[in-house]
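Structure first, commentary second.
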Amino acid sequence: SSAASDVYKRQIYTRRVFPCGTPRHSQNFTDRGNKMKSDSLKIGTQNAPHRALYHALGLTEEEIERPLVGIVSSYNEIVPGHMNIDKIVDAVKIGVAMAGGTPIVFPAIAVCDGIAMGHTGMKYSLVTRDLIADSTEAMALAHGFDALVMVPNCDKNVPGLLMAAARLNVPTVFVSGGPMLAGHVDGAKTSFSSISEAVGEFNAGKITEEKLREYECKTCPTCGSCSGMYTANSMNCLTEALGMGLRGNGTIPAVYSARIELAKHAGMAVMDMLRKNIRPRDIMTKDAIMNALSVDMALGCSTNSMLHLPAIAHECGIEINLDIANRISEKTPNLCHLAPAGRTYIEELDEAGGVYAVMNELSKKGLLHTDCITVTGKTVGENIKNCVNLNHDVIRPIENPYSQTGGIAVLRGNLAPEGSVVKRSAVLPEMLVHEGPARVFESEEDAQAAINAGKIVPGDVVVIRYEGPKGGPGMREMLNPTSAIMGMGLGNSVALITDGRFSGATRGACVGHVSPEAASGGPIGVVEEGDIISINIPENKIELKVDEAVLNERMKNFVPKKKELSGYLKRYAALVSSGASGAILN
């Protein structure tokens, strides 16, 4: 009959399209009784339209049944640290599928700070941190993912995705694209700071154009995040310290096959986290943030960590200030002098035992909270047990550090009432205390022109203002001016201060994040040419040596300069907070 024929057709259709019936909740992922987020999109007749779209993706009934795991891919073809991420993502997908999940990829953006350096592009670097966090939040919540694997690598990409992980609070593991191998020139290892400083050497007549060309061609020999302890590698190492990445996340070179294995294990690990319902805010506690700060001090990380860790903590509902950094630094020895502070590179840190070996050294003096849970499902203490230091030239033993205090210092005084930041471990001993006349510039470009023209002389303190989060806007990195100073042989006699920030590749007496910034009415805005500025890093002080009454009068009459802005930068400048609080958006 016609009715019987219709029933037969429906049965055939059901077997073809839904061979397993409507999706069932996979009970082996509910050890703590939690439902999968994606269940609300997949189960029941009311969700047939959603399932239709999953089938449009080519997903089988078996795949739809499984937990949906978002793989956040930061792959692009303009950032050297991201050009290999497609291979990492493929490996993560295999790991997720091996462990019973359905991996689904969506993108995140990333800016190459090196390519953006020294022009308008750098205004768009820090601001992407919030774009990355916002867009990842939107994609993950709109599509109901049960878990996430974040695959970042470079400067703002890593903290942006850590911020997103804290907001979303679904089981999440990080696996980075990995660091670049060091280059080689004249038998010595090189990194991105080497080519930046070579430009200064060329301008000073110290090297030929042919030698500069050699640096250009040999400094960055592979894909990966630039090979020194710059911001990207700092944040990837601190992701391990936070407990959000597996061992080797920050140090296994991008071109090593071990990086592919790590990515597969990350995919497996997130499925284990899903079974146990371990979430980012279970991991990124206040104690874990303190661990990251301690590892930061021991490694001598980029000063940009003082922007990113407060911002990540804020997303976790934890407020930290710059004073905490000094308290951690006072009791945490500096164990590593990686480039640009020294002559060792990330690949050598990996060979020496990596971040876990550094953490093991710190644990010998009780400087870590070892009971913090991590993405492995184990505690910090369990993870780092027996992770020995294999090279005491790369990782100093805790009994024989480079210094008894950490790699970063926060300076305060009448020039920076809310604080400023310096990478103490990358400052020459003779520049730890410095006093000299201010050479004042209203932008990075003006300062760079003066340095290139030989107008900066030994003893000077270069002041670059209106480059803060609001004033830039976007808080540009000052790598070109600092590299020029070092390359021209002025690193042992000239200091630089700014309300902007520095690349992790910067070394020398360079004080950034001066807060409040000039655009917000900070004292850096009233410094005049020739004013004496005193910097005392051991005592955490920075002072404008002007009579108090004179300074008060200047401040009373001060009207900050304003720039005509449009588009995203206009919105960012209106919402961004001080660099002292992590340049978060209010």
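Residues of region 248-289 being part of a helix (DSSP H, G or I), in contact with a Pro (Cβ under 8 Å, 6 or more places away or on another chain) and either among the small types (Gly, Ala, Ser) or within 16 Å of residue 180 (Cβ to Cβ) (or both), which ones? Correct list: 259, 267.
With respect to the stated conditions, residue 458 fails to be at pLDDT 95 or above, surrounded by fewer than 18 Cβ atoms within 10 Å (Cβ to Cβ) and under 28 Å from the mean Cα position of the chain (by Cα). Screening 436, 500, 474 for residues that are more than 17 Å from residue 197 (Cβ to Cβ), surrounded by 23 or more Cβ atoms within 10 Å (Cβ to Cβ) and in contact with an Asp or Glu (Cβ under 8 Å, 6 or more places away or on another chain) leaves exactly one candidate, 500. So, residue 91, is that one open to solvent by less than 60 Å² (accessible area, probe 1.4 Å), small (Gly, Ala, Ser) and touching a Ser or Thr at 6+ places or on another chain (Cβ under 9 Å) or not? No. Looking across region 530-559, the residues that are in contact (Cβ under 8 Å) with a residue 40 or more places away in the chain, under 18 Å from residue 431 (Cβ atoms) and open to solvent by 10 Å² or more (accessible area, probe 1.4 Å) come down to 532, 534, 536, 538, 540, 541, 543, 545. Can you spot a residue in region 157-179 that is more than 20 Å from residue 488 (Cα to Cα), free of Cβ contacts under 8 Å to residues at least 60 places away in the same chain and open to solvent by 30 Å² or more (accessible area, probe 1.4 Å)? No: region 157-179 contains no residue that is more than 20 Å from residue 488 (Cα to Cα), free of Cβ contacts under 8 Å to residues at least 60 places away in the same chain and open to solvent by 30 Å² or more (accessible area, probe 1.4 Å).
Filtering region 211-235 to residues that are open to solvent by less than 10 Å² (accessible area, probe 1.4 Å) and in contact with a Phe, Trp or Tyr (Cβ under 8 Å, 6 or more places away or on another chain) leaves 219, 227, 228. Inspection of region 510-529 finds a residue satisfying the criterion of being touching a residue at least 40 places away in the same chain (Cβ under 8 Å) and under 15 Å from residue 434 (Cβ atoms).
Among the residues of region 422-433, the ones that are open to solvent by less than 20 Å² (accessible area, probe 1.4 Å) and part of a loop (DSSP other than H, G, I, E, B) come to 2 in all. When residue 419 is tested against (1) within 24 Å of the chain's Cα centre (by Cα); (2) not in a strand (DSSP E or B), just one condition goes unmet, and that condition is (2). Checking each residue in region 372-385 for being in a loop (DSSP other than H, G, I, E, B) and free of Cβ contacts under 8 Å to residues at least 24 places away in the same chain picks out only 378. Kindly indicate whether residue 525 is part of a strand (DSSP E or B) and buried (at least 21 other Cβ atoms within 10 Å of the Cβ). When the stated conditions are applied, residue 525 does not pass them. The condition of being within 19 Å of the chain's Cα centre (by Cα) and surrounded by fewer than 24 Cβ atoms within 10 Å (Cβ to Cβ) holds for only one of 286, 264, 276, 331, that being 286.
Could you list, in sequence order, all residues of region 103-113 that are surrounded by fewer than 24 Cβ atoms within 10 Å (Cβ to Cβ) and in contact with a Cys (Cβ under 9 Å, 6 or more places away or on another chain)? Selection gives 112 alone. Could you run through region 490-537 and say how many residues are on the phi > 0 side of the Ramachandran plot and more than 29 Å from the chain's Cα centre (by Cα)? Looking only at that region, the number is 1.
Residue 398 passes every criterion in (1) at pLDDT 95 or above; (2) part of a loop (DSSP other than H, G, I, E, B); (3) over 22 Å from residue 326 (Cα atoms) apart from (3).
Within region 211-219, none of the residues are under 18 Å from residue 82 (Cα atoms), outside any helix (DSSP H, G or I) and within 17 Å of the chain's Cα centre (by Cα). Total residues in region 75-124 satisfying the condition of being of a type in the set (Asp, Glu) and under 30 Å from residue 446 (Cβ atoms): the figure is 1. For region 131-156, a residue qualifies if it is assigned to a helix (DSSP H, G or I), among the aliphatic types (A, V, I, L, M) and open to solvent by less than 20 Å² (accessible area, probe 1.4 Å), and the qualifying residues are 132, 133, 140.
The values are calculated or read from the model by the stated rules, or taken from the named source; none is laboratory data. Computed from a predicted structure; not experimentally measured. As a convention, Cβ positions derive from the backbone with ideal geometry for all residues, glycine included, and neighbour counts pool all protein chains shown. Please note that ligands, DNA and RNA were not included when accessible areas were found on the heavy atoms of the full protein model with its side chains. Shrake-Rupley method; radii C 1.70, N 1.55, O 1.52, S 1.80 Å.
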